[in-house]
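S.K.: Mind having a look at this structure? Questions to follow.
Only the coordinates and a few stated rules stand behind these numbers; no lab work does. Since we're looking at a predicted model, the values are computed, not measured. Neighbour counts are summed over all protein chains in view; Cβ atoms, including those assigned to glycine, are modelled from backbone coordinates with ideal geometry.
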Amino acid sequence: MPEAGPATADGKIRCDACPVMCYIAEGRAGACDRYANVGGDLTRVDPLVILEEAGEDRAVVPFLASDAEWDGDMLNTAERFVTAVGAGTTYPDYKPAPFIVASEVDGVDMVTVVTEGIFSYCGAKVKIDTDRHLGPERALVRRDGEPVGHVTTGEYGSQMLSIGGVNHLTGGGKREGRVTCDAIMDLCNREAVDLTIDGGASVTVQAGQAPVVDGERENRMRVGCGSATIGMFARQWRDHVDEVVVVDDHITGVLSEHQAGKVLDVPPTGIKIKGRRSTPGRYFQVAEPGTGWGGTNITDPLTILGDFNPKQAWPGLTMLMVSTTGDHSAYYVLDDDLKPRRRDLPDAMRFSVERIQENCEPALCSVMFIGGAGGSLRAGVTENPVKLTRSVKDTLTYVSSGGAPVFVWPGGGITFMVDVTRMPERSFGYVPTPAIVAPIEFTMRLADYQALGGHMKAVVRLEKVRDVARKRNLAASTDNPWPMDRLNFRWRG
Ligand code: SF4
């Protein structure tokens with residue numbers, strides 16, 4: 001645990017939990033609001049979160065509204081897991097982590113090393129389920145005018161942002177670092193964050209909630225690209241309409257030319273699409289990206305069509321144009337001059353559009369925190385930090401963040417990602433260096449901990465955690481694997 005330095009003449013104490021080394025007056029908190037001077041004692045303000053293993057019939061409950069009294073039941077230690085949320089930080093690096101907790105699980109002596117890591121190398125990867133064009137790849141993403149990230153490679157049905165990272169935290173101006181730090185923390189604490197993209201849209205992002213693009217709430221994630229949509233619904237269209245165009249910024253699909261239409265003997269219609277033909281019935285670049293139909297900039301779908309070929313088209317030919325979410329749709333009939341005339345959607349087409357909408361999943365924002373457990377954090381676990389890395393790679397050590405499972409990247413170091421919605425609320429903090437404070441726990445057999453050069457003298461039994469002044473019990477999410485589960489380890493046998 002951090003230590004308070006000797007009180008100054010005016011009663012201030014010094015916090016040594018991070019390089020800022022605040023002097024904190026009686027009754028006041030330090031610069032990060034995480035530590036306070038309570039009667040001359042340096043006190044971690046937020047309670048230590050302890051998870052209780054949720055049985056199958058136990059409902060997941062949120063944080064208790066106020067600090068819970070410890071119920072004194074520490075006998076069945078296998079059912080409790082000390083997270084790093086509220087655990088505190090140690091600084092400088094060689095000090096043992098704030099809690100190194102031993103317990104027995106199914107006859108195996110286990111240990112969990114618990115710390116709130118200070119991450120200078122970290123950020124948030126944000127997935128926004130929308131077809132709408134948010135901005136060109138590599139465009140800067142700003143909060144309050146400061147660059148805090150960029151648009152990165154889009155994924156299927158989603159736009160992706162990369163927020164934070166060491167270059168924005170430390171490589172720009174002071175305000176850029178501070179705003180970036182706040183943006184990462186707020187996103188990871190599941191707050192709504194307003195962002196603007198250079199040359200693109202404004203977007204409100206909140207983990208687990210629908211994105212709001214240019215003030216419009218996104219409802220649906222597209223059913224697929226235009227080509228996939230043709231493939232999925234071709235049979236349903238075959239007997240009700242002569243032509244279908246699924247408008248999509250990436251791959252616009254055309255029923256009569258698409259392989260699905262060919263297989264179903266849909267006759268040619270003489271349609272002409274103004275785009276770059278990829279393969280039959282699949283067109284790229286039918287328009288510019290935007291927030292209109294299918295992630296294009298168009299509001300009138302007919303603008304992507306050329307004249308119908310009179311050798312193949314016929315008066316009375318019917319055509320449905322629809323976006324990949326079904327949010328936009330229009331029905332046309334060719335007149336005697338082979339010009340499309342808009343008509344009301346027939347019932348069969350309305351049903352078909354509703355079926356597309358029905359197959360769309362709700363549009364959400366997903367936020368993954370990504371951080372690198374550097375040499376300093378690992379030194380709080382073992383005197384020989386590289387051994388911890390090897391132990392993680394060898395699945396002798398299980399890494400969790402606030403009790404939630406993480407994905408550890410292959411290759412060097414311990415670079416992990418975690419879905420912030422699987423963590424306890426408000427798991428993240430900051431220090432003004434600036435850097436993000438995030439929980440991380442390393443769980444392993446006690447014997448393995450000893451073998452990797454762990455701080456054995458700092459190990460305490462789980463029962464001792466009852467001495468911590470502020471604690472909060474939380475039922476573990478049944479969606480998360482229990483961190484102590486032997487299935488998490490190579491030795492599970
Ligand atoms: S910023 Fe927070 S952790 Fe760092 S010294 Fe000040 S009170 Fe302690």
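S.K.: Determine the distance separating the Cα centre of segment 304-323 from the Cα centre of segment 130-191; give it in Å without decimals.
M.R.: 43 Å
S.K.: Also, I was wondering about something else. GluC sites (Glu not before Pro), restricted to segment 158-261: which are DSSP loop and have at most 15 other Cβ atoms within 10 Å? Before the final figure, lay out each step's value.
M.R.: Details: sites: E176, E191, E216, E218, E243, E257; in loops: E191, E218, E257.
Qualifying residues, ordered by number: E191.
S.K.: Here's another thing I want to ask about it. Filter the trypsin sites (Lys or Arg not before Pro) in segment 101-148 to those in DSSP coil with at most 12 other Cβ atoms within 10 Å of their Cβ, and list the result. Display every interim value, and only then the final one.
M.R.: Values: sites: K125, K127, R132, R138, R142, R143; in loops: R132, R138.
Here the trypsin sites (Lys or Arg not before Pro) that fit, given the DSSP loop and packing criteria, are R138.
S.K.: Run the helix sum for the chain: -39,500 (n - 2.57) per DSSP H stretch of 4+ residues, divided by residue count, reported at 222 nm to the nearest 500 deg cm²/dmol. Walk me through the intermediate numbers first.
M.R.: Values: 8 runs with 70 residues, N = 493.
Taken over the chain, the calculation gives -4000 deg cm²/dmol.
S.K.: Ok, one more. Quick one: which of 416-423, 105-112 comes out on top by average Cβ neighbours within 10 Å, and what's the full order, highest first?
M.R.: Details: 416-423: 21.0, 105-112: 16.9.
Descending mean neighbour count gives 416-423, 105-112.
S.K.: Same structure, new question: Taking the Cα atoms of the chain alone, what are Rg (to one decimal) and Dmax (as a whole number) in Å?
M.R.: Considering the chain through its Cα atoms, Rg and Dmax are 28.3, 96 Å.
S.K.: Also: Which of V468, V193, S227 sits closest to the plus end of the dipole of the chain, meaning its Cα is farthest towards the positive end, when Lys and Arg get +1 and Asp and Glu get -1 on the C-beta?
M.R.: The Cα lying farthest towards the positive end belongs to S227.
S.K.: Give, rounded to the nearest 20 debye, the magnitude of the charge dipole that the chain has about its Cα centre when Lys and Arg contribute +1 at Cβ and Asp and Glu contribute -1 at Cβ.
M.R.: Numbers: 53 positive and 65 negative charges, 244 e Å.
The calculation lands at about 1180 debye.
S.K.: Within the set K127/K274; K95/K471; K174/K387, which residue pairs have Cα atoms separated by over 28 Å? Show your work: numbers first, answer last.
M.R.: Values: K127/K274 31 Å; K95/K471 23 Å; K174/K387 36 Å.
As for pairs spanning more than 28 Å Cα to Cα, those are K127/K274; K174/K387.
S.K.: Using the Cα centre as the reference, give the magnitude of the dipole from point charges on the C-beta atoms of segment 234-331 (Lys, Arg: +1; Asp, Glu: -1; all else neutral), rounded to the nearest 20 debye.
M.R.: Once rounded to the nearest 20, the dipole reads 340 debye.
S.K.: Let me ask something else about it. More than 21 Å apart: what percent of Cα pairs in segment 111-182 qualify?
M.R.: So the pairs more than 21 Å apart make up 34 percent of the total in segment 111-182.
S.K.: Same structure, new question: Going toward the positive end of the dipole of segment 208-351, with +1 on Lys and Arg Cβ and -1 on Asp and Glu Cβ, which of T296, G281, W237 do you reach last?
M.R.: Result: G281, furthest along the dipole toward the positive end.
S.K.: Where the only charges are on Cβ atoms (+1 Lys, Arg; -1 Asp, Glu), what is the dipole of segment 344-493 about its Cα centre, to the nearest 20 debye?
M.R.: 1060 debye
S.K.: How many nm separate the modelled label positions at A192 and D467, each set 7 Å beyond the Cα in the direction of the Cβ?
M.R.: 4.6 nm
S.K.: Whole-Å semi-axes of segment 256-322's equivalent ellipsoid, largest first, each the root of 5 times a Cα gyration tensor eigenvalue?
M.R.: On the way: eigenvalues 96, 42, 24 Å².
Semi-axes (√(5λ), whole Å): 22, 15, 11.
S.K.: Let me ask something else. Which one of F369, L396, V381 is farthest out on the positive end of the charge dipole of segment 329-426, using unit charges on Cβ (Lys, Arg +1; Asp, Glu -1) and the Cα centre as origin?
M.R.: Toward the positive end, the furthest listed residue is V381.
S.K.: Tell me which chymotrypsin sites (Phe, Trp or Tyr not before Pro) from segment 78-126 have a DSSP coil assignment and no more than 14 other beta carbons within 10 Å of their own. Please list the in-between numbers first.
M.R.: Details: sites: F81, Y94, F99, F119, Y121; in loops: Y94, Y121.
Those that pass, being in a loop and sparsely packed, are Y94.
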